[in-house]
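First the structure, in the form of structure tokens, and then the observations on it.
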């Protein structure tokens, strides 16, 4: 009975580490192999920590729905601008509903 629990624990650790490794690689984490090793430490706290850390900075692209990091300004899959709109004339931040840029006074869109 003692050995059965030990074998079950090892199987759970290996499954957890494998899933974390594959998921981290799919999400584009820089050190995905380190996440996989981290998954071998214990069940289930490694999995909980991994999910909390990696999902915190992830959002979806409004155009294509791909999972991307919140720090990205453009979607790497479809090129959609994610953060803010910029004036095509001066490059400063503008709001979509503005007709004129408050920085350079150039017309942004037709009314």
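Applying the condition of being out of contact with any helix residue (DSSP H, G or I) (no Cβ under 9 Å at 6 or more places or on another chain) and at pLDDT 95 or above to region 13-51 and asking which residue is farthest from residue 67 (Cα to Cα) yields 14. The set of residues from region 1-26 being within 24 Å of the chain's Cα centre (by Cα) and surrounded by 16 or more Cβ atoms within 10 Å (Cβ to Cβ) comprises 16, 17, 20, 21, 23, 24. Restricting attention to region 29-58, the residues that are touching a residue at least 12 places away in the same chain (Cβ under 8 Å) and closer than 28 Å to residue 77 by Cβ total 11. One residue stands out in region 80-100 among those that are assigned to a strand (DSSP E or B) and under 21 Å from residue 70 (Cα atoms): the one that is nearest to the chain's Cα centre (by Cα), namely 81. Filtering region 31-55 to residues that are exposed (fewer than 14 other Cβ atoms within 10 Å of the Cβ) and within 15 Å of the chain's Cα centre (by Cα) leaves 31, 51, 52, 53, 55. With respect to (1) at pLDDT 85 or above; (2) farther than 20 Å from residue 10 by Cβ, the lone exception for residue 73 is condition (1).
The values are calculated or read from the model by the stated rules, or taken from the named source; none is laboratory data. Computed from a predicted structure; not experimentally measured. Neighbour counts run over all protein chains shown; Cβ positions are idealised from the backbone, glycine included.
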